[in-house]
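Report on one structure; see the data block that follows.
Please treat every number below as a calculation from the coordinates, not as lab data. Worth saying up front: this structure is predicted, and the values here are computed from it rather than measured. Please note: Cβ atoms are built from the backbone with ideal geometry, for glycine as well, and neighbour counts cover all protein chains shown.
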Amino acid sequence: MKKEMFGHEISVLRDTYRRLLHRKAKTNLVKLIDKTHPADLAIIYRFFTDNDQNYLFNLMSNNEYSAEFLSELDDSILEDLLEDIPPERIVQIIRIASSDDQTTILNALPEDKSQTIIDSLHADEQVEIEEMLAYPEDSAGSMMSTDVFTLNEELTVGEAIKDLQNQENAEMVFYLYVTDDDNHLTGVISLRALVTTSPTTKLKNIMISNVQYVRAETDQEEVAKIVSHYNLLAVPVVDSNDEILGIVTVDDVVDVIREEATEDFLQMAGAGKDREILLKSTWGNARARLPWLFATWIGGIVTMSIIGYFDNMLQSLILLAAFIPIVAGMGGNVATQSSSIVVRGLATGRIDIGKDLQLILKELSVGLILGALYGLLLGTLIFIFFKDVPIIFGVVVGLSICASMVIAASIGTTVPLLLRKLDIDPAIASGPFVTTTTDIVGISAYFLIASALLPM
């Protein structure tokens, strides 16, 4: 119900913008922009033409709203929009934006334009931004906010509260990070604990010393796992000396989880890994999916060659051909299920490192149970409905189904584990690669079993 309400509100808002844009009602548009949340405006921006997008953005002031709005846009829309914005205006927005939003905006620009904008900033601003851009893409350092508020461990609660009241630009103060005189992270205090403790108590006596933190080089997916596992609202980022550099807040982590899940899902479906594939042109969409489908095409050629090799067998017993789709289909489904379970387990950390063999044996057992069950069921149906064929034919099909499902389970399990050891994203294992391999091996097993057991 809430989802339907949200969708309806976005639809109404989009139509309102369209009417005002059609009339070029500048004053009304400015008022509507001020009342629209940047995230909502970023969603409906997808439905506007390039000219309408540029027109709307030119109505915005160079303030925090504009910076937040730009950071909420889809990457492709952001890149196109920034192409038409003069560098002077981007400089004004960058100066107002938070550190993580600055990184998002500058990374969306061509390198030469980005450097021009950085050169236009003051020396101290340049140093801070260049430090942020130096961190690896999709790392904790590239997504952290440096506007972090810290307290010295020797302060009393009363002194800390006074300091807190003077902080207007701190990113988030639900967690108060405590440092020593050398800026080393030593503890954390919740805002609740601070305001419910005696004013004369020193912070070091009430802080929690066991702080969950990440390094600046930590991958964003690992950051998301830590925030999710410990139910944190933010996680501090420290350097090799445990000096606090900034914090990653939960709103940024939610974006990471969504992006990583979308990327994995697209790869598992064999549609590439571009999270914004729906926003691409028809040709761009086709080009992104072309190499993945080429793998399936190659697999089909190999499967066709295998079937052609056993052409004499098919001519002797044409009924063999009727069961090729079910042998391939059952194996493909089991492979997809096994690989999806393993990929998801790797992504969530639920698969223990060092227990690969145990996991493979478990999935093989599952494949054997399912294969035996469906093999027996299919063999029985053949015996009942195809009385003119020898009984051994039902045995062949039943064994083939069982063998195909066992092989599929092993492929679907081992390939993602192998890719992880090779430091390759295991999500690609659930796409055409696994299903195509399973088809080839499953059909081969079918004909080999048939050639061994059937009198030709």
For this session: Can you pull the one-decimal nm distance between simple spin-label points at D388 and R215, each 7 Å off the Cα toward Cβ?
Result: 7.2 nm
Exercise. Which cross-chain or sequence-distant (5 or more) residues have an amide H under 5 Å from the amide H of F48, H modelled 1.01 Å from N in plane?
Worked result: none
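In nm, what is the difference between 0.36 nm times the number of residues separating D138 and I96 and their Cα-Cα distance?
Working it through step by step, the gained length comes to 12.8 nm.
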For this session: Please state the charge dipole magnitude for region 1-124, taken about the Cα centre, from unit charges on C-beta atoms (+1 on K and R, -1 on D and E), reported in debye and rounded to the nearest 20.
Result: 920 debye
For this session: Starting from the Cα gyration tensor of the chain, multiply each eigenvalue by 5, take the square root, and state the resulting semi-axes largest first in whole Å.
Result: 55, 30, 19
For this session: At 20 °C and 1.002 mPa s, grab the translational diffusion coefficient of region 109-231 from Stokes-Einstein with a Kirkwood Rh over Cα pairs, rounded to a whole number in µm² per second.
Result: 129 µm²/s
For this session: Treat every Asp and Glu Cβ in the chain as -1 and every Lys and Arg Cβ as +1, leave all other atoms uncharged, and give the resulting dipole magnitude about the Cα centre to the nearest 20 debye.
Result: 2860 debye
Seminar exercise, completed: The extension gain from S61 to D180, computed as 0.36 nm times the residue separation minus the Cα-Cα distance, is 38.8 nm
Exercise. For the pair T49 and L293, how long in nm is the line joining their label points, each one 7 Å along Cα→Cβ?
Worked result: 3.0 nm
Seminar exercise, completed: DSSP beta bridges in the chain: the antiparallel percent, rounded to 5, is 75 percent
Seminar exercise, completed: Most exposed to least, judged by fewest other Cβ atoms within 10 Å, K362, K355 sort to K355, K362
For this session: Mind checking the full-extension length gain between A25 and E130? Use 0.36 nm per residue of separation minus the Cα-Cα distance, one decimal, nm.
Result: 33.7 nm
Exercise. Say each of T156 and E9 gets a label point 7 Å from the Cα, pointing the same way as Cα to Cβ; how far apart are those two points in nm?
Worked result: 4.6 nm
Exercise. To the nearest 20 debye, what is the magnitude of the charge dipole of region 311-426 about its Cα centre, counting +1 on the Cβ of each Lys and Arg and -1 on the Cβ of each Asp and Glu?
Worked result: 280 debye
